[in-house]
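Note sheet for the following structure.
The values are calculated or read from the model by the stated rules, or taken from the named source; none is laboratory data. Since the model is a prediction, treat every value here as computed from it, not as a measurement. Heads up, the Cβs are rebuilt from the backbone with ideal geometry, glycines too, and the neighbour counts pull from every protein chain shown. Surface areas here come from the heavy atoms of the whole protein model, side chains and all, with no ligands, DNA or RNA. Shrake-Rupley method; radii C 1.70, N 1.55, O 1.52, S 1.80 Å.
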Amino acid sequence: MEHSVVILAAGLGTRMRSKVPKVLHPLLGRPMLRYPVEAARQSGARETVVVVGHGAELVMEALADQGVHFARQKEPLGTAHALAAAKPALQNFTGALLVTSGDTPLISERTLHRLKEALRAQGRGMVVLTMKKDDPYGYGRIVRGADGRVARIVEEKDASPEERAITEVNTGVYAFDAQVWDLLAKVKNDNRAGEYYLPDLVARYLEAGLPVSALMAEDPQELLGVNTRAQLAEVERVLLDRLRAGWMQRGVRMILPETIYLEPGVELAPDVVLEPGVMLKGTTKVAEGARIGAYSVVENSVVGAGAEVRPHSVLEGARLEAGAVVGPLARLRPGAVLEEGAFVGNFVEVKNSVLGPGTKAGHLAYLGDATVGAGSNIGAGVITANYDGEKKHPTRIGQNAFIGSNSVLIAPLDIGDHAFVAGGSAITKNVPEGALAIGRAQQRTIEGWVWRKRKGVS
Ligand code: UD1
Ligand code: CA
């Protein structure tokens, strides 16, 4: 039996207190809604329809590359009304219809599969996924009849005190047969919220003489709903726990793992060491034996085998080859490349520049749009002045060159192999191979000046 999935995501999400639509709040750097969409895809859904409403344009833009259909709910009149909006997209589909919510991001492909199998075993009707909650507050309660079968679902607002004491709750995930569209039309909004409730379909199916059953969730954690910022953080914690556990199983060493933040696109090799407070984002790849120091942030970067990022460094779009060392307190911006064994120390900023093997910039430098050959030394305070107010210009430094402290290299500039730039120089002209360049005012030393000055005063 084929199945399609509808993901309801048109609600207001007022409890988030945010201008951003709830389903676009990021979890590990990806919009929340991407997670159920991914589960639907993995489950082999024929169609995935996302019902949008509040912030529809933004939501559709954020999921434009996900291969899903969008259906628009014009006003948020309730979850049943939202599902009805998906009808035009699925009218000719007669397989199982699985419905879930955009704010239940941990739902797994396995659970979708179980629900579909339960409906298939039953033949027709509907199946609702339920769970037990010690504190069921806020959830729809599963009301069972004298025969123990599901009779209806009652929402918090409409429940009697006895019903509120029920701990079996609606997860908001369902499987329906193709009768769903006809039965949806019979759902009314005669409840305290004045909304069209999707859980009302239980009663409508039973009325039509079709079977309704409940399937207990295997892992209630999967059904955590995000209605508040605290729940968003809780769900993110669950995702992080899973990611970290997976990497540790594959040989990654984490010191105080609960302080480490990783995104799903990150790849780590065995014997990588991550110190406390590290954040690894985007498509970052860290090779075997590399070490990322405490409180460093590494985004969309490649860290080679045995390389080391010392504490409090920030890397974005950078590449460290094997054995390169960065930090503490260094900043590598997009296009920064440190070839084998190169070193960048504290308060050095590197942008769109290549440092050759073994080259060192130990302290307080800015290298932008520069290429530096192997074995060169960039002194403390060296600046490549790469911007003239209109354009960026390149600086080329050869191998085994020595750039003295506090020099300003005014680009465009070529400095040859083995060249030597004296400290404190402002260099505006090319320096040929093996030459010494000094570009600074001559020092004057006036003997006895201090003693003479003091005599004059007294
Ligand atoms: C819903 C269920 C409740 C269940 C709970 C599980 C209803 C009436 N209640 O309550 O029984 O225990 O989920 O988490 O369904 N949405 C729309 N359009 C609307 C209203 C909502 O698209 O007009 C979407 C929301 O964006 C959300 C989902 O439907 O993704 C659920 O809506 P929400 O308001 O969060 O329902 P709950 O109060 O959580
Ligand atoms: Ca909800």
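Testing E195 on (1) within 10 Å of ligand 1 (Cβ to nearest atom); (2) of a type outside the set (F, W, Y); (3) open to solvent by 50 Å² or more (accessible area, probe 1.4 Å); (4) outside any loop (DSSP other than H, G, I, E, B), one condition comes back false. Which one is that?
Evaluating E195 over (1) within 10 Å of ligand 1 (Cβ to nearest atom); (2) of a type outside the set (F, W, Y); (3) open to solvent by 50 Å² or more (accessible area, probe 1.4 Å); (4) outside any loop (DSSP other than H, G, I, E, B) leaves (4) as the failure.
Please go through the range 56-102 and pick out each residue that is at pLDDT below 95 and within 16 Å of ligand 2 (Cβ to nearest atom).
P76
Looking only at the range 1-50, filter to residues that are within 14 Å of ligand 1 (Cβ to nearest atom) and assigned to a strand (DSSP E or B); which one of those is nearest to G95 (Cα to Cα)?
Ranking the candidates gives V5 first.
For the range 206-220, does any single residue satisfy the condition of being surrounded by 14 or more Cβ atoms within 10 Å (Cβ to Cβ) and of a type in the set (D, E, K, R)?
Taking every residue of the range 206-220 in turn, none turns out to be surrounded by 14 or more Cβ atoms within 10 Å (Cβ to Cβ) and of a type in the set (D, E, K, R).
State whether the residues of the range 154-167 include one that is β-branched (V, I, T), closer than 24 Å to D219 by Cα and not in a loop (DSSP other than H, G, I, E, B).
Yes - at least one qualifying residue is present in the range 154-167.
Just checking, which of R204, R237 is closer than 26 Å to A86 by Cα, of a type outside the set (A, V, I, L, M) and not in a loop (DSSP other than H, G, I, E, B)?
Exactly one of R204, R237 is closer than 26 Å to A86 by Cα, of a type outside the set (A, V, I, L, M) and not in a loop (DSSP other than H, G, I, E, B), namely R204.
Can we say R120 is open to solvent by 90 Å² or more (accessible area, probe 1.4 Å), of a type outside the set (S, T, Y) and away from ligand 1 (no atom under 16 Å from the Cβ)?
Yes: the conditions hold for R120.
With the condition kept exactly as written, say whether any residue in the range 127-147 is more than 10 Å from ligand 1 (Cβ to nearest atom), assigned to a helix (DSSP H, G or I) and open to solvent by 30 Å² or more (accessible area, probe 1.4 Å).
No: zero hits.
Hey, among V421, V450, which residue is loosely packed, with under 15 Cβ neighbours inside 10 Å and not charged (D, E, K, R)?
V450
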